[in-house]
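The values are calculated or read from the model by the stated rules, or taken from the named source; none is laboratory data. What you are looking at is a predicted structure, and each value in this text was computed from that prediction instead of being measured. Note: ideal-geometry Cβ built from the backbone for every residue, glycine included; neighbour counts use all protein chains shown.
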Amino acid sequence: MARVRPKPRLRVAKNAVTELFGVADTLDRELDPGALFTMPILTDDAGRLFRQATYDLESDFEKAVAEVADRMFGPDTLYVSVKKKMKGNEVVSIPDAYLVDMSEAERPKLWIVENEIAKHDPFRHVGIQLLRFATSFDEAKTAVRKFLMEAIAGRKEAMARLERGFRRSSKRNVDNYLDEAVYGPFRALVIIDEAREELYRVLEKINANISVLKLRTFRCDGGGVIHQFDTLYDEFEEDLVDGTSSVESASDREARRERLARSDTIVVPAREEGFQRVFLGENQWHAIRIGAAMKERLRYIAAYQVAPVSAVTHIAEIQEIRPFENTGKYVVVFRGPANKIGPIALGDSKVSPQGPVYAERDRLLRAKILEDALR
């Protein structure tokens, strides 16, 4: 179980992962999720103020992304910052970077990465660039595969990480392993310091597998930097909380990653009115935050009814996951009416989900208490 820390050093918006002076941590969830848009100031226990910094140069923002890459994307990924022309269908485009995702050892994936700053026009700069990526990718795969391997082979640490991923798989060799990633379907990430409604509207029109991750930087006048960022696998889900603040140990975090790798079900908390009207009445659920890499893993959605029920009571097969009103969140549409299960109540610790959490369907159905499915 996670260790309990009596008093966190900072108070930040929920769902945030914060790196303070080189140490990544999940911290106290007290502010509203949108607080950083209207109150972009953090304080530490010494009373120092950290104000949100704005980026004037994309190159400076790219350095910040590279700095937090392992924490943002996970230890089983490889962030390759190489700018080469990607040409296909007579369209030339130059992505900022590539991400080789080896979290599922047997199914490595490639993400095209576009690093952007909020001051850029979401249509002329971001939208057109991503449309070029999406339309040229299929014909450009061979060239991408070639210069990507050259870039990785030129960095000893990067090659070692790729080989480590390969050894966890059943692929013939490391070349075959990289082929598996590159020759898969198109996926892209937009890493940006501030995501606004206009950006999500543009991305929805492109109709491709493109997700947005936010990275914000806060600076103190007296020195010190905080990077706050989303994660690829929603690695720091909303805590299962019982009123205390906690920080994960390394073993806790590894166990969470292993659970996410197996997960095919998202468990969402639901209040009575919304549960009856939407989950059961409309066979869907609205405004769900889903990690970029978790979308294609999910096959089922389960409802945890909050107090006084305090139990997981229904599960449904997912038919479609689509964007929700240009918010960066999603609507999950069911294949049919939800089925009753359990009920799977809370354990003795009375720990309850405060937001979406992930589980393995079969494990969830076998669970006597909810915590059994979330270990």
Checklist line | Candidate set: the range 122-141, residues that are over 29 Å from residue 175 (Cβ atoms) and in contact with a helix residue (DSSP H, G or I) (Cβ under 8 Å, 6 or more places away or on another chain); chosen: the one surrounded by the fewest Cβ atoms within 10 Å (Cβ to Cβ) | finding: 123
Next item on the list: Quick one: count up the residues across the range 318-353 that are closer than 30 Å to residue 208 by Cα, of a type outside the set (D, E, K, R) and assigned to a loop (DSSP other than H, G, I, E, B).
Entry: 6
Next item on the list: Can you give me the number of residues within the range 179-202 that are out of contact with any helix residue (DSSP H, G or I) (no Cβ under 6 Å at 6 or more places or on another chain), crowded, with 22+ Cβ neighbours inside 10 Å and either on the phi > 0 side of the Ramachandran plot or part of a helix (DSSP H, G or I) (or both)?
Entry: 1
Check: Identify, please: which residue in the range 299-317 is modelled with pLDDT under 95 and assigned to a loop (DSSP other than H, G, I, E, B) and is, among those, surrounded by the fewest Cβ atoms within 10 Å (Cβ to Cβ)?
Finding: 308
Item checked: Members of the range 318-360 found to be farther than 18 Å from residue 260 by Cβ, of a type in the set (Gly, Ala, Ser) and at pLDDT below 95, listed by number -> 328, 342, 345, 347, 349, 352
Next item on the list: For residues that are buried (at least 17 other Cβ atoms within 10 Å of the Cβ) and in contact (Cβ under 8 Å) with a residue 40 or more places away in the chain, tally how many sit in the range 332-345.
Entry: 3
Notebook entry, point to check: Of (1) of a type outside the set (Val, Ile, Thr); (2) under 27 Å from residue 297 (Cα atoms); (3) touching a residue at least 24 places away in the same chain (Cβ under 8 Å); (4) surrounded by fewer than 19 Cβ atoms within 10 Å (Cβ to Cβ), residue 81 satisfies all except one. Which?
Noted result: (3)
Note to self: Within the range 296-343, take every residue that is of a type in the set (Ser, Thr, Tyr) and closer than 28 Å to residue 111 by Cα and give me the one that is nearest to the chain's Cα centre (by Cα).
What the structure shows: 330
Checklist line | Only listed residue being out of contact with any Lys or Arg (no Cβ under 8 Å at 6 or more places or on another chain) and more than 30 Å from residue 257 (Cα to Cα), chosen from 155, 132, 145, 107 | finding: 132
Item checked: In the range 176-233, the residues that are of a type in the set (Gly, Ala, Ser) and over 25 Å from residue 119 (Cβ atoms) -> 181, 184, 222, 223
Margin query: Here's a check for you: in the range 234-275, which residue that is farther than 30 Å from residue 168 by Cβ and in a loop (DSSP other than H, G, I, E, B) is modelled with the highest pLDDT?
Written below: 271
Notebook entry, point to check: Going by the conditions given, is residue 288 touching a Pro at 6+ places or on another chain (Cβ under 9 Å) and of a type in the set (A, V, I, L, M)?
Noted result: yes
Notebook entry, point to check: In this structure, is residue 110 closer than 20 Å to residue 62 by Cα, touching a strand residue (DSSP E or B) at 6+ places or on another chain (Cβ under 9 Å) and either surrounded by 13 or more Cβ atoms within 10 Å (Cβ to Cβ) or at pLDDT below 95 (or both)?
Noted result: yes
Check: In this structure, does residue 119 turn out to be touching a residue at least 60 places away in the same chain (Cβ under 8 Å) and surrounded by fewer than 20 Cβ atoms within 10 Å (Cβ to Cβ)?
Finding: yes
